[in-house]
1. Report the relative contact order of the range 1-157, percent, no decimals, based on alpha-carbon pairs under 8 angstrom and at least 6 residues apart.
2. May I ask you to sort V207, V51 by Cβ crowding, counting other Cβ atoms within 10 Å and putting the fewest first?
3. Contour minus end-to-end for Q194 and E125, with contour as 0.36 nm per residue of separation and end-to-end as the Cα-Cα distance?
4. With no solvent and one point per C-alpha, what does the Debye sum give as log10 I(q)/I(0) for the chain at q = 0.11, 0.12, 0.18 Å⁻¹?
5. Could you tell me the center-to-center distance, by alpha carbons, between the range 88-102 and the range 167-234 in angstrom?
6. For the chain, modelled as a Gaussian network with Cα springs under 10 Å, which listed residue fluctuates most, M168, M26, M102?
7. In µm²/s, what is D for the range 132-199 at 10 °C and 1.306 mPa s, where D = kT/(6 pi eta Rh) by Stokes-Einstein and Rh is the Kirkwood radius from Cα pairs?
8. Using just the helices of the chain, give the 222 nm mean residue ellipticity in deg cm²/dmol: DSSP H runs with n ≥ 4 each add -39,500 (n - 2.57), and the total is spread over all residues, rounded to 500.
Amino acid sequence: MVFITAQPYDYELPLDGNVALLIIDMQRDFLEPGGFGEALGNDVSRLQAIVPAVKQLLEVFRTYKLPVLHTIEGHQPDLSDCPPAKRLRGKSQLKIGDVGPMGRILILGEAGNAIIPELEPLAGEIVISKPGKGAFYHTHLESLLREKKITHLIITGVTTEVCVQTTMREANDRGFECLLVEDATESYFPDFKQSTLEMILAQGGIVGWTAKAKSVIHTLEKSYKAANTANSLI
Ligand code: TIU
């Protein structure tokens with residue numbers, strides 16, 4: 001067992017391969033102009049700030065061959081998995097399924113629905129497509145995590161109070177030990193991000209932990225470097 005310096009207290013991490021990095025919805029639809037995020041009236045440029053921290057975490061997980069899971073929010077081209085309530089909400093001009101500058105808005109397989117190039121999944125990394133905000137709703141994420149015996153999730157991505165918080169709550173209810181990386185998650189609304197972090201931590205970590213990317217990276221590097229060195233000496 002090792003520890004990551006975290007809030008509301010240090011996060012215990014088993015070293016036997018039970019931790020995964022969950023990267024939520026780092027898609028062009030949310031981070032680039034012309035996608036779903038902008039169609040909802042948001043300034044999408046704010047979200048760019050976390051790309052380097054998410055990338056650093058991704059590289060560390062790849063280096064130590066720890067599991068990485070990416071999620072994508074998107075719908076089937078025939079919209080059969082998109083409730084009208086979701087499509088019509090907000091009365092925006094460009095709705096889910098309409099043609100925008102990066103292809104059809106929030107539709108799987110369209111250019112705008114892809115994960116941003118900086119964080120493009122490698123072959124072998126799991127990509128979960130999800131029709132909802134939570135990554136457990138109408139997906140096989142839970143069975144996949146159980147199959148791989150993953151018990152600990154390091155959570156990153158966008159947006160903090162929508163898909164990230166929903167997913168973290170869903171994971172917490174299923175018994176996963178969740179840590180949200182403060183500087184690897186972002187919202188279109190700075191106050192909502194701050195409130196979400198506070199909500200997660202309150203009441204002794206009612207939903208889980210938060211920590212800075214550098215604390216997570218420090219612990220992983222120290223622990224796995226030591227473990228790898230020990231293995232190579234055997
Ligand atoms: N609108 C908003 O803040 N977020 C979403 O619609 N999806 C995700 O958070 N991924």
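1. For the range 1-157, the relative contact order is 31 percent.
2. Going from sparsest to densest Cβ surroundings: V51, V207.
3. Result: 21.8 nm gained on full extension.
4. Each listed q maps to, in turn, -0.54, -0.64, -1.38.
5. Cα centroid of the range 88-102 versus Cα centroid of the range 167-234: 33 Å apart.
6. Highest fluctuation among the options: M102.
7. 130 µm²/s
8. Theoretical 222 nm ellipticity from helices: -10000 deg cm²/dmol.
Every number here is computed from the coordinates shown, using simple stated rules; none is lab data. If you're wondering where the values come from, they're calculated on a predicted model, not measured in any experiment. Because the Cβ atoms are built from the backbone with ideal geometry, glycine has one as well, and the counts that use them run over all protein chains shown.
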